[in-house]
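The values are calculated or read from the model by the stated rules, or taken from the named source; none is laboratory data. These numbers come from a predicted model, not from an experiment. As a convention, Cβ positions derive from the backbone with ideal geometry for all residues, glycine included, and neighbour counts pool all protein chains shown.
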Amino acid sequence: MLALQLLATGLVTGCALGVVAISFALVYSTTKIFHVAHAGIYTLAGYLAWSLVVHNAPLIVAMAVSIVACTALGALIQSQLYARLERRRATHLVVLIASLGALAVIQNIIAGVYTPNILQFPLPWSGEVLPLGSVRLTYVQLLTIAVSFAAYAGTMWFAHHTILGKRIRAVASNPMLADITRLQPQSVYIYVIAIASALVCLPGILVPMDLGLQPYNGVTPLLTATIAMIAGGVGSITGAFVLSIAIAVLQNLSLLVMPGEWSIGVTFFIFVIFMLFRPTGLFAAAR
Amino acid sequence: MDFLYSYIVLAEIYVLLGLSTNLLVGIAGIFSVSQAAVFGVGAYLVAHFLMAQDALPFIPSLAIAAACCVALNILVTLPSLRVSGDYFVVTSFGIQLLATAVFTNWTGGTGGANGLPGIPPPDIFGLQVESTQQYMMLCTIASALGCLCFYLVMRAPFGRLLRAIREDELAVAAAGKNVLRAKVSAAALAGAFAGIAGGLYATFLSFIDPSSFDLDASILLLTMVVVGGARTLAGCIIGPFLLLALPQILTLIEIPTTIAASARQLIYGVLLIVFMLFRPQGLAGERL
Amino acid sequence: MRGFRIGVAALAASLLCGQANADTIKFGGILPLTGPGALIGTAEMHGIQFAVDQANAKGGVHGNQITVQFEDNQAKPDQSVLSFNKLTDLEHVSVIFTGYSGPSLAMAPLATRKKVLLVNAGAQADALAKASPYLINTLPTIGDEISVLSKWLVEQGKKQGAIMFENDAAGMSGRDDYLRSFPDAGGKILAQEATQFGQTDFRPALLKLADAKPDVMLVAITAGLLQMAQQYHQLGLKFTVAGTTFFADPATIADPSSAGFVHTQLRIDAPPELAAQFKAKYGVDMEFFAKQYYNAAQIILTTLDKVLSENKPVTGENMHDTLLKIGKFQGLIPLEFKTNTASVPIDINEMRDGKDVTLKQIQ
């Protein structure tokens, strides 16, 4: 049935988007920086993994190396760029523009090195289909769902049951107090971006395994994920994840009533209207 | 010589856009990555009027387009007044992407991804502006008028009010000044500049399509303001001239054509980072 | 300010002197060398360069060496216009090679205005036929192929069609042609869905078209074909997939998901030694677009030869007039220009076992 299949594909896209949203929300709610360069890390993860797979490395190894490299890059951006700007008391505008610059640098280095052509992961098993009733999903799509839920669960556990997680939440809720009580916000920021970068590698690798690699494809998912984060209430990991799935499913189902090319436009239109009337989101976390 | 003139024409069109972006971002402090969308609306409107069944002459078309862009810019910056700075960032991105979606998919109005070819050259009081040289004179006049306007506005009490809002919005509001009206007026003026730039662009290239008005274009505008310098008139002029010369300078270096486009974008990105780290006021501006 | 002006004048002068070498004739090429169209654009560039290098190795044309300056337009029309102005104003080229419908249509009015010969050997939007007297198309527009395809499909009993088209000049032209030709041949169009150039997720569009239960999906897309084929296969869809020469993508043909895809193919063939030389030089097979542009370059070189033997200056106007006067060319295939657009034989091919097999030949 058409609607069911659209729902299923929407679920897959939404799960990947959800991990992007969670990772971005982590950074934003803690550092208050609108880290658009996150889209660059998302893109880079896929390309690094591809390079290794194409040279016959096992997928797990490729993913691990990619995660390590992206984590390092994220930490680098925080410590060398954002931290420096913070020390100079730069305004949010300045930091945002710097982040935009970092994004442009990452995307275009990728485009220069790998060419902007669409690249495929040479993994035949990923395209094999598992029929589930009337719904057909490929192995990579199923893997995406599984990994995304695992990432969500892992992040929730981390935020509520580990010392670092609690420290992060403390800094997020009150940076000045955290500074005074020696929770060292700056080093927490580095941890946060490192973790977020590692997380975003997962959809960064899984989505291109399904749809192919392109250097400039990171911005739209990031923005959609941001919409999910805001709509779900900044600070709520669950809100971000659930809303991502909701948005993706709605975008897919909207095809039943209107031509496909408008689905993204409508999403942003609804968001803009939303911002005019309910900017605090649906599940705003208790401040 | 024609090629040099084309460069100057484009630079002057972008000076107008620079004035627009500077007003919005540098002076009113409203972060906007959707200026290219307004630019696009101006361009499409002028093209529409010039090519319609009962075509309008150039100046009236430009005036109508400018008026619409004023209204559009006010509409587009309204969320920024309700929503805190960071949220507005996303909204601004969203508006830009929404605009690109409309430009690309509304084939009836904008020609869709095909664009609108064959836009006629402007006709000013009976004088046809055909050659690149004539075009350069037209754009020089337009950008000079724009700069004059900007200069006068900044020297007037309104300009001082905007500066004050930038320094401390709360204090200004406490002093009883209408912050909302000032910001909206700045946005309106920025819209007018962008709309006029759009009309000039459409007739100069005689062809427009959505790819000139996308997110990359908005980022380029931001880069121009950043590099040239925020909040000053000099910055609005230096930024465009410098950044448009960059691709030409690049062609003098032996870069393989296959990476030329990404190399250029890469340099813009590096410029943004370097300037933000070491010279946030740009070459001729004040601190952002 | 004075120093700046002197500097600029010096720069301009040196640039002009740079190409005043009487023994070199320069042409231009504005193609997508980066972006989603890069694969095709690079093949087109190689085709032209290959022909030019061969001619130069034989001593050039009337002793003149030929160079081609390539500009990357990323398949974007506005970039193309800027590059066009640059090539004509700075380099004074008389001939520019172009590909992709959007950019070609954008440059066409300029070609008329500046009297520069624009040569298209890859784009097929119908509007190209009338866009400019200075725009020469060495291949028929998509309308011809679609009318052949529609007739054949209806003959095969596929009467219910659904259209998947790319939202740009080429795709929309194809969509309009399907809307006209398929019913003319006796078929019926049930639905249509647009996709974006550079998009790789075709599942929503495929699902929506599948819901209309067509016999055949009529396709007009130029990029992302491999992804579309794979997703079609993954979704377990069963209707026939039909397209035009755009389908001739080696990666898609080789992939098992494209088994059973049918398409029209403009006939063009390269002799084996030529193909082997090309492969040795560029490391890839000489595919459709490379052959097309090799052929087009040959046509231009032949025209140039005639212009020079008549002692005429190499201007766009002369190249244009001489080309149309010669009319018939024997390149990789015999070609005739009765109008600005050449007509060539069309085949119907099917993708089977990783190969493209010709089912029927149509003149």
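Contact map, the stretch C:350-363: residues that are assigned by TED's automatic domain parsing to the domain that holds C:Q156 paired with residues that are modelled with pLDDT under 85 and in a strand (DSSP E or B), Cβ distance under 8 Å, separation 6+ or inter-chain. Pairs shown: C:E350/C:D356; C:E350/C:V357; C:E350/C:L359; C:M351/C:V357. The single condition among (1) out of contact with any strand residue (DSSP E or B) (no Cβ under 8 Å at 6 or more places or on another chain); (2) of a type outside the set (G, A, S); (3) within 11 Å of another protein chain (Cβ to nearest Cβ) that A:V12 does not meet is (1).
Checking each residue in the stretch C:294-316 for being in a loop (DSSP other than H, G, I, E, B) and among the basic types (K, R) picks out only C:K312.
Flag: C:M164 matches the condition of being hydrophobic (A, V, I, L, M, F, W, C), in contact with a strand residue (DSSP E or B) (Cβ under 9 Å, 6 or more places away or on another chain) and in a strand (DSSP E or B).
Scanning the stretch B:29-44 for residues that are closer than 14 Å to B:A190 by Cβ and part of a helix (DSSP H, G or I) returns B:Q35, B:A36, B:A37, B:V38, B:F39, B:V41, B:G42.
Within the stretch C:240-254, the only residue that satisfies the criterion of being without any contact (Cβ under 8 Å) to a residue 60 or more places away in the chain and over 20 Å from the mean Cα position of the chain (by Cα) is C:V241. Taken over the stretch C:146-163, residues that are touching a Gly at 6+ places or on another chain (Cβ under 9 Å) and under 26 Å from C:F202 (Cα atoms) amount to 10.
Residues in the stretch A:22-42 that are touching a Phe, Trp or Tyr at 6+ places or on another chain (Cβ under 8 Å) and away from every other protein chain (no Cβ under 12 Å): A:I22, A:T30, A:H38. Test C:Q298 against the stated conditions and say whether it is in contact (Cβ under 8 Å) with a residue 12 or more places away in the chain and outside the structural domain of C:A43 (by TED's automatic domain parsing). Answer is no for this residue.
Of all residues in the stretch C:340-363, those satisfying the criterion of being out of contact with any helix residue (DSSP H, G or I) (no Cβ under 7 Å at 6 or more places or on another chain) and in a loop (DSSP other than H, G, I, E, B) are C:A342, C:V344, C:P345, C:D353, C:Q363.
Of the helices (runs of 4 or more DSSP H) lying entirely inside the stretch C:176-255, those containing at least 2 residues that are out of contact with any strand residue (DSSP E or B) (no Cβ under 6 Å at 6 or more places or on another chain) and facing another protein chain (nearest Cβ under 9 Å) are C:203-211, C:225-234.
Yes or no, residue by residue, for (1) assigned to a loop (DSSP other than H, G, I, E, B); (2) at the interface with another protein chain (Cβ under 10 Å from one of its Cβ atoms); (3) over 26 Å from A:I118 (Cα atoms):
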site	(1), (2), (3)
C:G28	no, no, yes
C:N56	no, no, yes
C:E91	yes, yes, yes
C:A106	no, yes, no
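Restricting the stretch A:85-125 to residues that are exposed (fewer than 15 other Cβ atoms within 10 Å of the Cβ) and within 20 Å of B:M276 (Cα to Cα) leaves a set whose member that is nearest to the other protein chains (Cβ to nearest Cβ) is A:R88.
For the stretch B:225-244, residues that are more than 12 Å from every other protein chain (Cβ to nearest Cβ) and either within 22 Å of B:F3 (Cα to Cα) or hydrophobic (A, V, I, L, M, F, W, C) (or both) total 9. The number of residues in the stretch B:166-224 that are within 12 Å of another protein chain (Cβ to nearest Cβ), in a helix (DSSP H, G or I) and touching an Asp or Glu at 6+ places or on another chain (Cβ under 8 Å) comes to 3. Whether a residue is farther than 30 Å from C:Q74 by Cβ, among the aliphatic types (A, V, I, L, M) and modelled with pLDDT of 90 or more was assessed, and A:A159 does not pass this test.
Looking at B:F150, B:F158 in this structure, which one is touching a residue at least 12 places away in the same chain (Cβ under 8 Å), farther than 20 Å from B:L221 by Cβ and not polar (S, T, N, Q)? Being touching a residue at least 12 places away in the same chain (Cβ under 8 Å), farther than 20 Å from B:L221 by Cβ and not polar (S, T, N, Q) holds for just one of B:F150, B:F158, which is B:F158.
If you filter the stretch A:217-257 down to residues that are among the polar types (S, T, N, Q), crowded, with 24+ Cβ neighbours inside 10 Å and closer than 22 Å to C:E193 by Cβ, you find that the one that is nearest to the chain's Cα centre (by Cα) is A:T224. Screening C:P183 against (1) in contact (Cβ under 8 Å) with a residue 12 or more places away in the chain; (2) more than 21 Å from the chain's Cα centre (by Cα) leaves a single unmet condition, (1). If you check B:A63, B:A71, B:A67, B:A47 for being modelled with pLDDT of 80 or more, in contact with a strand residue (DSSP E or B) (Cβ under 6 Å, 6 or more places away or on another chain) and part of a helix (DSSP H, G or I), only one passes: B:A47. Checked against the criterion of being on the phi < 0 side of the Ramachandran plot, part of a helix (DSSP H, G or I) and more than 12 Å from chain B (Cβ to nearest Cβ), the stretch C:72-83 has no qualifying residue. Please work out if B:V90 is within 9 Å of another protein chain (Cβ to nearest Cβ) and either in a helix (DSSP H, G or I) or out of contact with any His (no Cβ under 8 Å at 6 or more places or on another chain) (or both). Yes: the conditions hold for B:V90. When the test is whether a residue is within 12 Å of another protein chain (Cβ to nearest Cβ), assigned to a helix (DSSP H, G or I) and either out of contact with any Cys (no Cβ under 9 Å at 6 or more places or on another chain) or closer than 30 Å to B:P280 by Cβ (or both), A:V171 does not pass it.
Would you confirm whether or not the stretch A:162-172 contains a residue that is within 19 Å of A:G218 (Cβ to Cβ), out of contact with any Asp or Glu (no Cβ under 8 Å at 6 or more places or on another chain) and crowded, with 21+ Cβ neighbours inside 10 Å? Within the stretch A:162-172, none of the residues are within 19 Å of A:G218 (Cβ to Cβ), out of contact with any Asp or Glu (no Cβ under 8 Å at 6 or more places or on another chain) and crowded, with 21+ Cβ neighbours inside 10 Å.
The single condition among (1) farther than 23 Å from A:L256 by Cα; (2) touching a helix residue (DSSP H, G or I) at 6+ places or on another chain (Cβ under 6 Å); (3) not hydroxyl-bearing (S, T, Y) that C:G157 does not satisfy is (2).
Selection of the stretch C:139-170 for residues being crowded, with 24+ Cβ neighbours inside 10 Å and within 26 Å of C:K338 (Cα to Cα) yields C:L139, C:I142, C:E145, C:I146, C:L149, C:S150, C:A169, C:A170. Of all the criteria given as (1) modelled with pLDDT under 95; (2) in contact with a Gly (Cβ under 8 Å, 6 or more places away or on another chain), the one not satisfied by A:G46 is (1).
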